[in-house]
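One structure is given below, encoded as structure tokens.
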Amino acid sequence: MPKEIKNNILQKPFSRRALLKGGALGLASLALPVGNADASVWEAFLQKHFKEMNDDELQSVIKRMEKEYAEKYNVNFNIKSTKPLPGTLFGYGLDVSRCIGCRRCVYACVKENNQSMEPQIHWITVLRFKKGEKWVSSLEEAEVYYAPPEVPEEGHFYMPVQCQQCENPPCVKVCPTQATWKERDGIVVVDYNWCIGCRYCMAACPYGARHFNWGQPNRAKQEYNTETHYLGNRPRYKGVVEKCTFCIQRTRENPGRYPACVEICPVGARKFGNLLDPDSEIRYCIENKRVFRLKEDLNTSPKFYYFFAT
Amino acid sequence: MQKIPYVLYFALFVFLLLFEVAKAKDDIPEFFVPPPPFSEGIFPCSGCHKGMEVNTNRRELSYHEDIKLKHFDGWCLDCHNPNDRDKLRLASGKVIPFTESYYLCGQCHGDIFRDWKAGVHGKRTGMWNGKKEYRLCVHCHWPHQPRFRPLEPLPPPVNPEDNKYKKVTQDQIPLNPVNNISDKLR
Amino acid sequence: MAKLLQLIKNFLVTLKFITKGSRWYYGWLAFLLFLITSGILSYIKQIDQGMILTNMRDQVSWGLYISNFTFLVGVAAAAVLLVIPAYLYNFKPIKEIVLFGEMLAITAIIMCLLFIVADLGRPERAWHILPIIGAMHFPDSLLAWDVVVLNGYLIINSIVVFYVLYRLSIGKDYKMSVIWPIVVISIPWAISIHTVTAFLYNGLSARPFWNASILAPRFIASALCSGPALMLIIFQIVRKASSIEIADTAIFKIAELIAYAMGINLFLFGAEVFKEFYSGSVHLAPMEYLYFGLHGHSSLVIWMWLALIFNITAFILFLRPKTRENFFTLNLACALIITGVYIEKGMGLIIPGFIPSVLGEIYEYGPSGIEKSITVGIWAAGALVFTLFLKFALPVYTGQLRFKTLGSHSEE
């Protein structure tokens, strides 16, 4: 089926808003105390899908969210909704021969992307393998909870895994509400206000890249990053799924900064750039290095390339 | 009449050559975040070495006792310029400043030098589609013992096997351990 | 206006009927209401603090709720085992009881929907899954398909049940011309609800344990064991508790059908075991975990062997005419098969999809207190729905309850 037709589900010509408002109001009036309910609760409840909102609607939603966040977290957030840059398809490279497994990327990511610290959510999982053990096709021998005094350890190597930003993402295919989708620059994003928390995408993801807010996300107040993107690192809600967005709030700018994990990596094992730009670092890696993608047999076509520089 | 084109061809050739050379020079990254990482108070070397006589013999050093060369089977003056200690010297005899030490490293590690220029070897920060910030080789590799030094890893994730839910108050939320890590490489 | 009044009157009559009963009846209702209340309280707690109160985590992101959902879809689909002989082959003894099978199907679907809602992180946004007002991802998402087929099945069965009961309650026989088209749709539809549910798991290449094409046939086969077995037990209770005649031949025929279904189920299971263990690829891990334990983790092993022994025993008991026509061994076999399939298709199917996790981690999931309490609450809700159904349908069936229609007189 051609993509256009599929996407049209969200672009129905008639106004669904009236229908939606009427129906949902009737339904929800049974569940919520109408008299003292704050108007913004209703607005949040009736909020449309991100892709369905026009610019004005989006701006008013963002304004409402900034107000909500300010009340909730006592800090002022700036929520951007920057569109994809034309002619950009993001790709990522990770040098397996250099990674020392120090987990700085894991926590730099948490710092940048406002994940919950308690309960803990990490978007990056670093796997440790013994040299000579099975790996890549079977990750069963991998160790996630290693904690030696120093890394790298003799006889081991490390492979960080995060969202692979598949060109053919199984998570997007299975989402029953279209709450997650692939943007034109290749980033798979989630609308945290549309996700119903069924976790079907988590079952479908072969890389364990999707994480669920099992509890109310919590973080020390002074540790929030207030520069956010609607589809990226704005504070999340209990009961929704989240994932790596290649730091959409940083990268989707012109000029745009490298993702936080790239910038923190002490060994420079992480590479990032535009796959459509023949002079980019990521293209250099693909063209000059031995490259593999994780679980390639599943045909998800990740835009996350593991390579060996040596 | 016929001679002028030859001159033009020659001029064009020279121009293109210069252009290529200039372009080749452009391969070198423009911007280095930190200056070369000297030990405190060590630079300029000429501060001490100015009056000293050059001794080319291999020997136990009495001053730089912290330096144990674990690199190649070489000696100080294979890289340090004996005549002007504030400079380095390539095998060709060309003298370069410390800020261009990558030429020195590139003499042996040509493949890595090439990767580094492409931004693939080593750490690079800044803008993916704009100005990029580079590090010198010596920012990560101490030239006298260039093997990357082990680091203390940050804590592993919470294992769900022992992740029994408890309600936390604001002050019980753990702080991000990466905040305590300085961005300095060594 | 008169019609509306009549409707209200009929409703009151119904209400009177279903609220009147023996002490046992009230005790049973009180027991169910107690379980339901504790389930609701647990659910409120889960909504308030989040699903962190369950033992599900990122590594094992579905658990007891989805396990029960899967089992119950099978129960719902199993009504077809009665519908086919009843309506297609006009097998009289089953035709008389097919309605109870359909009521069980309705109940099971309601429970399925409750389990799905219990599993949602944001249940108040459930309308996002609907077409038109939401953004249903049809036809890409199998969950969208499941919403369609489950609700469709609910509607189909509700129409049949309420139509038949309505006709009976006004003292007339139902018209086959009305039933027939719905029945013809309902048979493939019943197969479809379980096929789609199987495909829900089946389509995920990330989970090798589910990504086997044998899954859907196995789902159907095992559904045709557990669902009818449940019905057999219910029929015997109905027979005891009311004056309704349920022929032994109907019960024995169903028992025979269960034997065949279990035979096929065991065969398909054997085929899967052979493929996994003989080829011994890396995809063996979940199966190994289930039956032998993996890297020292083996909490499901005993259950899986138990389920296997139960299923084989029940298969033999159902297969031999002597044991299936003896009510003690018959009921034993029913209990064994229900338990066996519940383990096999509940936790035994969902959990190994996540063990080892996609990144090779083993997190041994076991449901938390909250999960158990909500699950029991939903089962109690199902039992309550079915009890009320019976309470209403039985007197209609036996002719004790007759509605007045306009222009006719009450027979009571």
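The values are calculated or read from the model by the stated rules, or taken from the named source; none is laboratory data. Since this is a predicted model, take the numbers as computed values, not measurements. Glycine gets a Cβ as well: all are built from the backbone with ideal geometry, and neighbour counts include every protein chain shown.
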Restricting attention to region B:94-134, which residues are of a type in the set (Lys, Arg), surrounded by 15 or more Cβ atoms within 10 Å (Cβ to Cβ) and more than 8 Å from chain A (Cβ to nearest Cβ)?
-> B:Arg114, B:Lys117, B:Lys132
Counting just the residues of region C:178-195 that are surrounded by 22 or more Cβ atoms within 10 Å (Cβ to Cβ) and among the hydrophobic types (A, V, I, L, M, F, W, C), which one comes out farthest from the other protein chains (Cβ to nearest Cβ)?
-> C:Ala190
State all residues of region C:12-54 that are of a type in the set (S, T, N, Q) and closer than 30 Å to C:Arg402 by Cα; if no residue qualifies, say none.
-> C:Thr14, C:Thr19, C:Ser22
Search result, residues across region C:85-112 that are outside any loop (DSSP other than H, G, I, E, B) and more than 19 Å from the chain's Cα centre (by Cα) | C:Pro85, C:Ala86, C:Tyr87, C:Leu88, C:Lys92, C:Pro93, C:Ile94, C:Lys95
Looking at (1) in contact with a helix residue (DSSP H, G or I) (Cβ under 8 Å, 6 or more places away or on another chain); (2) within 13 Å of chain A (Cβ to nearest Cβ); (3) surrounded by fewer than 18 Cβ atoms within 10 Å (Cβ to Cβ); (4) acidic (Asp, Glu), find the lone condition where C:Asp58 falls short.
-> (3)
Could you list, in sequence order, the residues of region B:51-93 that are among the basic types (Lys, Arg), at pLDDT 85 or above and assigned to a loop (DSSP other than H, G, I, E, B)?
-> B:Lys68, B:Lys70, B:Arg85
Does C:Ala77 qualify as being in contact (Cβ under 8 Å) with a residue 40 or more places away in the chain and either surrounded by fewer than 19 Cβ atoms within 10 Å (Cβ to Cβ) or of a type outside the set (S, T, N, Q) (or both)?
-> yes
Can you name the residue in region C:323-336 that is modelled with pLDDT of 95 or more and in contact with a Phe, Trp or Tyr (Cβ under 7 Å, 6 or more places away or on another chain) and, of all such residues, is surrounded by the fewest Cβ atoms within 10 Å (Cβ to Cβ)?
-> C:Leu336
Does B:Pro153 meet the test of being assigned to a loop (DSSP other than H, G, I, E, B), surrounded by fewer than 17 Cβ atoms within 10 Å (Cβ to Cβ) and within 7 Å of chain A (Cβ to nearest Cβ)?
-> no
So which pairs qualify, if the first residue must be in region C:373-398 and modelled with pLDDT of 90 or more, the second must be surrounded by fewer than 18 Cβ atoms within 10 Å (Cβ to Cβ) and not hydrophobic (A, V, I, L, M, F, W, C), the Cβ gap must be under 6 Å, and the two must be at least 6 apart or on different chains?
-> C:Ser373/C:Ser38
Right, A:Pro176: modelled with pLDDT under 95, surrounded by 18 or more Cβ atoms within 10 Å (Cβ to Cβ) and assigned to a loop (DSSP other than H, G, I, E, B) or not?
-> no
Exactly one of C:Ile52, C:Ile47, C:Ile36, C:Ile40 is facing chain A (nearest Cβ under 10 Å) and in contact (Cβ under 8 Å) with a residue 24 or more places away in the chain, and that residue is C:Ile47
Does C:Ser42 fit the bill of being among the small types (Gly, Ala, Ser), closer than 30 Å to A:Gln120 by Cβ and over 21 Å from the mean Cα position of the chain (by Cα)?
-> yes
Residues that are within 11 Å of chain C (Cβ to nearest Cβ), in a loop (DSSP other than H, G, I, E, B) and not hydrophobic (A, V, I, L, M, F, W, C), drawn from region A:179-193 = A:Asp191, A:Tyr192, A:Asn193
Tell me, yes or no, whether region C:338-357 has at least one residue that is of a type in the set (Lys, Arg) and modelled with pLDDT of 95 or more.
-> no
Pull up region C:324-334, narrow it to residues that are assigned to a helix (DSSP H, G or I) and in contact (Cβ under 8 Å) with a residue 12 or more places away in the chain, then point me to the one that is nearest to C:Ser226 (Cα to Cα).
-> C:Cys334
Among the residues of region A:100-157 satisfying the criterion of being free of Cβ contacts under 8 Å to residues at least 12 places away in the same chain and within 14 Å of chain C (Cβ to nearest Cβ), which is surrounded by the most Cβ atoms within 10 Å (Cβ to Cβ)?
-> A:Glu140
Return yes or no: is A:Thr82 surrounded by fewer than 19 Cβ atoms within 10 Å (Cβ to Cβ), touching a residue at least 40 places away in the same chain (Cβ under 8 Å) and in a loop (DSSP other than H, G, I, E, B)?
-> yes
When residues of region B:10-32 are limited to those that are of a type in the set (Phe, Trp, Tyr) and under 23 Å from B:Arg124 (Cβ atoms), the one modelled with the highest pLDDT | B:Phe32
